[in-house]
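Colleague: Below: one structure in structure tokens.
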Amino acid sequence: MNSTEPEGTILATVPEAGASLLEGSGVIIEVSTGIPPFLEIPDLRTLSAAAAADAINQAAAELEIVINITTTFQDTVNPDLIGVVISTSPGAGGQVQDGGTLTLEIGKQAPPPPPPPDG
């Protein structure tokens, strides 16, 4: 079981310690994997969507993190802000729980302004 407790630590037993059992009965023991049940989000800004997703999948190999990708028009001529992560939710340093969702916001070139009307 994912836990912040050190690997091999017994987290729980069923039945609880001290309970009486019938001969031949089983006991369930939950043992920590030592892997936290969350991922601390690194700073992913300036990475492509694919590189950011790869970084998350490698960092959270034992967790199930859903990656949601959105795009936002960038009113800029700076090519460094186009096609890369411009923000995440939660942000860098935040946490996503096992089974949670991380949203990557990717910069997209704003469409050119419409031509002036003929006249």
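Each reported figure results from applying straightforward, stated rules to the coordinates on display, with no laboratory input. Quantities reported herein were computed from a predicted structural model and do not represent experimental measurements. Note that we place each Cβ from the backbone using ideal geometry, even for glycine, and neighbour counts take in every protein chain shown.
Colleague: Considering only DSSP beta bridges whose two residues both sit in the chain, what percent are antiparallel, to the nearest 5?
Modeller: Details: 12 of 21 bridges.
Once the DSSP bridges in the chain are tallied, antiparallel ones form about 55 percent.
Colleague: Could I ask something else about it? Enter the angle in degrees (range 0 to 90, nearest 10) between the Cα long axis of helix 49-59 and the first principal axis of the Cα atoms of the chain, meaning the one along which they spread out most.
Modeller: 20
Colleague: If you don't mind, another one. Mind ordering 75-83, 20-28 by average Cβ neighbours within 10 Å, highest first?
Modeller: Working: 75-83: 11.7, 20-28: 7.1.
In decreasing order of mean packing, 75-83, 20-28 become 75-83, 20-28.
Colleague: Where Rh is the Kirkwood radius over the Cα pairs of region 37-109, the temperature 20 °C and the viscosity 1.002 mPa s, what D in µm²/s does Stokes-Einstein return?
Modeller: Working: Rh = 12.3 Å.
It comes out at roughly 175 µm²/s.
Colleague: Mind checking which of Thr13, Thr70, Thr33 has the largest fluctuation in a GNM of the chain, springs on alpha carbons under 10 Å?
Modeller: Thr13
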